[in-house]
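These notes concern the structure reproduced below.
The values are calculated or read from the model by the stated rules, or taken from the named source; none is laboratory data. Everything numeric in this text was worked out from a predicted model, so none of it was measured. Here the Cβ positions follow ideal geometry from the backbone for every residue, glycine too, while neighbour counts run over all protein chains shown. Note: areas computed on protein heavy atoms with side chains; ligands, DNA, RNA excluded. Shrake-Rupley method; radii C 1.70, N 1.55, O 1.52, S 1.80 Å.
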Amino acid sequence: MLNTHTVMILVQKTDTFLIKVYKYYMAKGYWPMIVSEIMSLATLSFFVLFTVIAFTCIDFSAVLAFREDQHQVPDIFDWHRMKTMNPFFIVCLAIFSVFFGYKIIQLFHHVTGYWSIRNFYRYTLKIREFELRTVPWNQIVQKIQKLQFEDQIFQTLTPMDAHEIANRIMRKDNYLIALINKDILNFRIQYAAAEHPWLGWIYNDWARQYLRFDCISLSKAIEWNIGYCLVNYFFDENMHVKPRVKSEHLQTLTASLRMRFRIMAVVNLCLMPFILVYVILYMVFKHGEQFYKDPQRLGSRNWSRLARWKFREFNELPHVFDSRLKQAEDLARDYVNQFPSKYLDIFSKFLVFVLSSFVITMLFMGLFNAQLFTKDVVWWITMCGTAIAVSRVFITDPSPRHPHETMKQVARVIHYIPPDWEQNAHRRVIFRRFLRLFEYRLITLLKEILGVMLAPFMLWYILPPNAMEIVQFFKDCSTSQPGLGLLCEFAMFDFTQNGDPLYGSYVDPKDDNNNNINHHRCKQGKMEKSFVNFQSEHPDWTPRGSLALLSDSQQPNELLYNNDTPRDIYRKLEERAAAAAAQKQHYHSLDSLDGSNNSPNHSSPNHSNHSSPNYSPNYSSPNYSNYSSPNYSNYSSPNCSSDDGERDLLLSV
């Protein structure tokens with residue numbers, strides 16, 4: 001049995017230990033994890049060796065000239081070609097050998113390292129591998145909290161709660177979520193065109209209007225390179241943010257990060273031919289069978305990689321996020337089906353009718369003479385059946401159209417919707433923007449191939465201009481917590497410092513007018529929504545520190561601490577934001593009217609010395625504690641005296 005001393009040795013690096021605990025939970029046990037890695041390595045080895053042998057030893061001229069009555073299958077193989085192998089494949093084998101050796105060493109470390117995690121689950125947490133299939137993560141967190149409270153086995157200053165555990169596991173991902181939410185880590189060509197004028201011929205009006213070629217799509221290759229450049233630069237081996245991020249000069253860090261991007265661009269350019277061949281062939285082998293078995297998958301849709309980063313919330317672990325996205329796919333599919341393409345629908349029906357006629361005719365003729373079912377006829381029947389299955393995907397059934405309601409349902413699950421989407425869900429421009437997030441699966445595969453070719457361009461031209469903003473973000477939005485080190489401040493759920501009053505957080509009106517405070521806020525209330533989502537996943541979690549003060553107060557987050565379901569809360573948060581935006585616009589119109597009424601030729605009283613509230617663009621958000629519905633007629637503004645009410649009434653008249 002594992003004793004306390006042994007566990008103390010394991011958890012000296014708390015972040016690394018908790019990450020391993022979570023990976024073990026996701027793999028559902030020790031042997032499933034090890035066997036999965038062995039099979040992945042075996043699959044990769046078979047794929048590389050099979051590809052090299054196939055392209056080296058198969059005589060494709062013999063394949064084209066093959067006749068069943070004249071040749072045999074072994075005749076198309078020429079094993080003597082292995083002696084004169086193409087240099088390209090020799091380099092591929094050399095690269096694979098290095099990578100294979102690295103994976104073997106990594107597998108050995110996992111075999112020895114995760115055995116201690118297995119013992120931790122089995123003897124300390126009293127959870128066996130079989131039970132991991134059904135045990136929720138929240139129950140494991142509670143056991144770890146109890147263990148920490150009783151034995152103090154973790155090297156932390158205070159007992160860890162669910163919030164701190166999630167912060168340690170997602171320390172890196174929280175930064176990436178914030179960078180994409182605030183558009184600091186963007187992939188638009190216009191930023192590179194400003195620094196490199198010769199890119200203007202790519203980023204022109206014709207490309208933006210007809211090709212919508214205004215940004216580089218996020219692919220797996222680009223995502224991996226970004227993660228490698230940022231994670232190894234800002235984080236140490238224990239997944240802690242390096243102290244030099246806060247101490248070193250901005251220009252020094254920026255120059256070093258730009259150089260890092262460009263070095264990786266050169267590496268990607270050198271390896272691009274080999275990676276491109278690997279990606280293309282791997283996708284053909286992996287997805288070819290799936291599309292052959294179920295041709296309708298060609299017309300299916302999924303969330304793009306960029307959409308996944310936009311939708312993911314702070315401290316949201318992967319298993320929770322995947323479950324939420326899976327739930328949103330059906331709703332997103334319903335919204336897309338609200339806009340069927342009539343031309344495609346008509347053409348698909350015609351194609352199905354024509355191909356079905358040929359198939360039925362050939363099958364009917366075969367009933368009278370089975371000799372008609374030659375290999376050619378069977379092949380044509382198979383191809384026609386595949387084309388019919390693909391065409392049926394684009395045939396839509398007539399049904400009532402409710403795009404606005406469907407968009408609301410999608411937004412309440414993905415927790416992401418730009419301000420103009422819900423009211424304009426019926427418009428074509430909003431539909432096209434949504435399709436960029438919910439795209440065809442085939443388009444996703446093509447983007448993965450294109451991403452390999454665009455990765456060097458992305459790393460050399462697109463990302464370096466954003467290096468200063470990225471470094472500045474790490475400097476400004478990293479907060480130091482005792483025992484935790486540097487963390488993304490948005491993941492701490494500090495509503496007093498980073499809260500958005502449009503989404504229920506209380507902010508001092510004096511601070512709300514400060515542009516620096518606005519800089520430290522997420523877009524679309526992501527921090528507030530993340531807090532609601534995290535609390536719904538961990539109902540036993542009790543906020544501490546500033547969060548505890550907020551939960552005891554009726555001013556800040558009344559909606560976040562009632563008995564509503566998370567979906568009801570998200571709806572109310574969006575209604576608050578819409579109400580505040582409408583109220584702002586109303587105040588701005590009153591200010592413009594007030595300015596015209598204060599002209600020298602006007603006979604109305606002069607309100608220039610009136611102590612009215614500040615209605616500038618940085619207008620402080622009203623107190624929403626008494627707000628119950630989006631009825632704007634009963635909406636009252638904050639800090640307004642009766643004279644201010646009379647002023648508004650006079651101006652409105």
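Hey, rough spin-label estimate for I184 and Y282, points 7 angstrom out along Cα→Cβ, what's it come to in nanometres?
3.1 nm
Express the Stokes-Einstein translational diffusion coefficient of region 326-390 in µm² s⁻¹, to the nearest whole number, given a Kirkwood radius over alpha-carbon pairs, 25 °C and a viscosity of 0.890 mPa s.
173 µm²/s
Given a 1.4 Å probe and every protein chain left where it sits, what share in percent of the accessible area of region 256-307 is carbon and sulfur?
The computed percentage sits at 68.
Non-local amide H neighbours of F235 (under 5 Å, H modeled in plane, Pro and chain starts lacking H): which ones?
Result for F235 returns K242.
Mind checking the per residue accessible area of region 48-154 for me, 1.4 Å probe, whole number of Å²?
Counting only protein heavy atoms, the per-residue value for region 48-154 is 66 Å².
With θ set to phi - 60° and the Karplus curve 6.51 cos²θ - 1.76 cosθ + 1.60, what are the ³J(HN,Hα) couplings of region 91-100 in order, to the nearest whole Hz, using x for Gly and Pro?
Result, rounded to whole Hz: 5, 4, 5, 5, 5, 5, 4, 5, 5, 5.
Tell me the trypsin sites (Lys or Arg not before Pro) within region 70-159 that lie in a loop according to DSSP and have at most 14 other beta-carbon atoms within 10 Å.
In loop regions of region 70-159 (DSSP not H, G, I, E or B), the sparsely surrounded trypsin sites (Lys or Arg not before Pro) are K126, R128.
Which stretch or stretches of region 41-72 have amide N atoms under 18 Å from the point lying 7 Å from K375's Cα along the Cα→Cβ direction?
59-72
If you plug each phi of region 533-538 into the Karplus form 6.51 cos²θ - 1.76 cosθ + 1.60 with θ = phi - 60°, what whole-Hz ³J(HN,Hα) values come out, in order, with x for Gly and Pro?
Karplus-based 3J(HN,Hα) across region 533-538 equals 5, 5, 5, 6, 7, 10 Hz.
Tally Lys and Arg at +1 and Asp and Glu at -1 over the other residues with C-beta under 14 Å from the C-beta of Y335: what net charge comes out?
+4
Which residues' amide hydrogens lie under 5 Å from the amide hydrogen of M170, considering only partners 5 or more residues apart or on another chain, with H built in the peptide plane?
Result for M170 returns nothing.
So if each residue of separation counts as 0.36 nm, and I subtract the Cα-Cα distance between F350 and C57, what length gain in nm does that give?
Net length gain for the segment: 101.1 nm.
Taking amide H positions as placed in the peptide plane 1.01 Å from N, state which residues far from E439 in sequence (5 or more) or on other chains have amide H under 5 Å from it.
N302, S304
Could you give each residue of region 332-345 its phi-based ³J(HN,Hα) in whole Hz, using Karplus coefficients 6.51, -1.76, 1.60 with θ = phi - 60°, and x for Gly or Pro?
Working through the residues one at a time gives 5, 5, 5, 5, 4, 5, 5, 10, x, 7, 5, 5, 5, 5 Hz.
Roughly how much of L49 is accessible, in Å² to the nearest 10, using a 1.4 Å probe?
90 Å²
Would you be so kind as to identify which of F50, F77, P32 lies farthest towards the positive end of the dipole of region 10-102, taking Lys and Arg as +1 and Asp and Glu as -1 on Cβ and the Cα centre as origin?
Going by the Cα projections, it comes out as P32.
Where only protein heavy atoms count, and the probe is 1.4 Å, what is the accessible area per residue for region 314-431 in Å²?
On a per-residue basis, region 314-431 sits at 61 Å².
In nm, give the distance between the simple-model label positions of M82 and K126, each being 7 Å from the Cα along the Cα-to-Cβ direction.
It works out to 5.8 nm between the two label points.
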